[in-house]
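Enquirer: Please find one structure pasted underneath; my questions will follow.
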Amino acid sequence: MELHNRVPGEIVPVVIIGNGPSGICLSYLLSGYTPYLSPEASHPNPLLHSKLAEEPDVSLLDRDLEYLCEGLQGRSSNPVAVLFDSLLLPDSDFGLDYTSPLEWRRRPDRAVPHLVLGKGPPGGAWHAMEGSMLTLSLANWMELPGLKLKDWMKDKRRNVRNDRATPAEIASYYQHYVTQMSLERNFAHGTTVTSVTWRAADSRGSRGCWRIEGHQRRDGEDLADDSLAERLPFTLLARNVVLATGTHDIPARLGVEGESLPYVCHSFWELEAAISRGELDQSSDPVLVVGAGLTAADAVLAAHHLNTPVYHAFRRDVADPGLIFNQLPKMLYPEYHKVHQMMTQQQHQPASPLDSSSSPPAFSLSSSSYTGYLSFPRHRVASFRPDRKCVLESDTGRRTVVQVSKALVLIGAHPNLSFLPERGRPLGVRPEEAITCRRNPIDVDPFTHQVLSAEGPGMYAMGPLVGENFVRFLKGGALAIASDIAKGQREDANGVHQDGLADKWVDRWVAIQNLAVSRS
């Protein structure tokens, strides 16, 4: 879809910024696919089932979500995420395979016109992930409503190993999902949003709306060098705007001396590129991997597979319960369990407790250990030097200098919200800090996902931006948003004046700002 050809001044009911699984799921719900309680179904939670049975003929989108969420517990802090997950995958945390009590009906009369903007094909960041490694989540946790991932995999004549699939398969599934559910007309590819601002109602009586500006690569262009692509500017007006950009755009940095040196990398793909160029092998100086997440573990495995020596530095203790490896079942995640074993068994031991700077660390040559790997728990990087030497500092202040071929800083990523004023900082739970998925997500109403500190009504956020890292739970954000938008349409139909609603939002926004000032 070419956005520059749209009618000037036309107001779109909903614009979704981001075409990953969050945006795809919301598009599905806004396209008229409507969940109901199946007449023959039951839910293993008797309290939830009794609540659902009170109004069996009423769509889930029209139910009181806050009431349905009461008493439910799960592995998400967002209540609607727990509710929707419980309805789509009942008791899946216990390894049970209950049939969902929901049935999906196509209701064209409920469809809400909308646009989904994305830089690449549907699936978002999944198209950029390494294609051969297995995903963290079980395969059915990755699927979207209406299309079982396992059924799709069977059609491709492939069995899902250990109930897990590769990122490449998941990306292909999401792209196929958009086609299968006839959502394509809502998706605009090759788009970059540069500005989102609230345009208040004017004196002539026009309603307020959101103004979205950006540029789009000309349709059909598929250039190896994206910088050569022709970009056409566009401007959209929307009643509602949904932030669904994810958090993979900007790699997190350490902020230490020398971090911008050429041998210091901040993404797994830079390691892949170095491997493909033949720059790393068993004769190379060690690769330093910084971080204790799954991407860092993938880098350790990739280098170890080449027999390239690896130094692995991370801030936590290997026994820290907050370490992701201590939360994964060994049977389902053998490759990550292997990395955790390496981290535990192959720890750096300083030569002498009296030395402030130990001699270069040595790798163990024991046949029973993981040769060519050495971990540095409770260490941080103090600096990177131009001669490819890195200074590591323990939590006790001891420093160790290591010679490396490359350094990979893999400590997470931040969302790119450059299209918002102050990069979205005022929207966070802590407005004085940058938006991050774990430490400072966007502050939203838990049952509607409306952004509490937005300039105007009708701004929503979902997915990693509100703290949901797993596809399994981000679908709840789609339910909350679609339900709230449906409620707004009902109010419109019943004659509720939207300007009155906007006034109420302004009053609420001013109250929030005053509260923030009083706390500071």
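Enquirer: What does the accessible area of W104 come to, in Å² to the nearest 10, when a probe of 1.4 Å is used?
Expert: 70
Enquirer: Give me the Å³ per residue figure for the convex hull around the C-alpha atoms of segment 1-104.
Expert: Values: hull volume 15.0 nm³, N = 104.
So the per-residue hull volume is 145 Å³.
Enquirer: Now a separate question. With the other protein chains left in place, how much accessible area per residue, in square angstrom, belongs to segment 293-344 at a 1.4 angstrom probe?
Expert: With the other protein chains kept in place, segment 293-344 gives 45 Å² per residue.
Enquirer: Rank these by accessible area, largest first, 1.4 Å probe: Y67, Y36.
Expert: Largest to smallest exposure gives the sequence Y67, Y36.
Enquirer: Label-point separation (nm) for E270 and S59, each offset 7 Å from Cα along Cα-to-Cβ?
Expert: Going from the E270 label point to the S59 one covers 4.7 nm.
Enquirer: Of all accessible surface on segment 230-337 at a 1.4 Å probe, what whole percent is carbon and sulfur? Before the final figure, lay out the partial values.
Expert: Working: 2570 of 4960 Å².
Answer for segment 230-337: carbon and sulfur cover 52 percent of the accessible area.
Enquirer: Under a 1.4 Å probe, what is the accessible area of segment 430-475 per residue, stated in Å²?
Expert: 35
Enquirer: Whole number in Å², please: accessible area per residue of segment 1-124, 1.4 Å probe, ligands, DNA and RNA not counted.
Expert: 44
Enquirer: In sequence order, what are the phi-derived ³J(HN,Hα) couplings for segment 312-325 according to the Karplus relation 6.51 cos²θ - 1.76 cosθ + 1.60 with θ = phi - 60°, rounded to whole Hz, with x for glycine and proline?
Expert: 10, 10, 7, 7, 7, 7, 5, 8, 4, x, x, 5, 4, 5
Enquirer: Estimate the FRET efficiency between S182 and R423 by the formula 1/(1 + (r/R0)^6), using the beta-carbon distance for r and 41 Å for R0, to the nearest 0.05.
Expert: Using R0 = 41 Å, I get an efficiency of 0.70.
Enquirer: Give the accessible area for M459 in Å² (nearest 10); use a 1.4 Å probe, count only protein heavy atoms, and leave out ligands, DNA and RNA.
Expert: M459 exposes around 0 Å² with every protein chain in place.
Enquirer: Right, something else. Taking 0.36 nm per residue of sequence separation and subtracting the Cα-Cα distance, how much length would be gained by fully extending the chain between R315 and T194, in nm to one decimal?
Expert: Values: separation 121, 0.36 × 121 = 43.56 nm, distance 3.59 nm.
Result for the pair: 40.0 nm of gain on full extension.
Enquirer: Could you derive backbone 3J(HN,Hα) for segment 83-89 from the dihedral phi with the Karplus parameters 6.51, -1.76 and 1.60 (θ = phi - 60°), listing whole Hz in sequence and x where the residue is Gly or Pro?
Expert: After applying 6.51 cos²θ - 1.76 cosθ + 1.60, I find 4, 5, 4, 5, 7, 7, 9 Hz.
The values are calculated or read from the model by the stated rules, or taken from the named source; none is laboratory data. Bear in mind the structure is a predicted one, so any value in this text is a computation, not a measurement. Positions of Cβ are generated from backbone atoms using ideal geometry, with glycine treated the same way; all protein chains shown enter the neighbour counts. Just the protein is used for accessible areas: all its heavy atoms, side chains included, with ligands, DNA and RNA removed. Shrake-Rupley method; radii C 1.70, N 1.55, O 1.52, S 1.80 Å.
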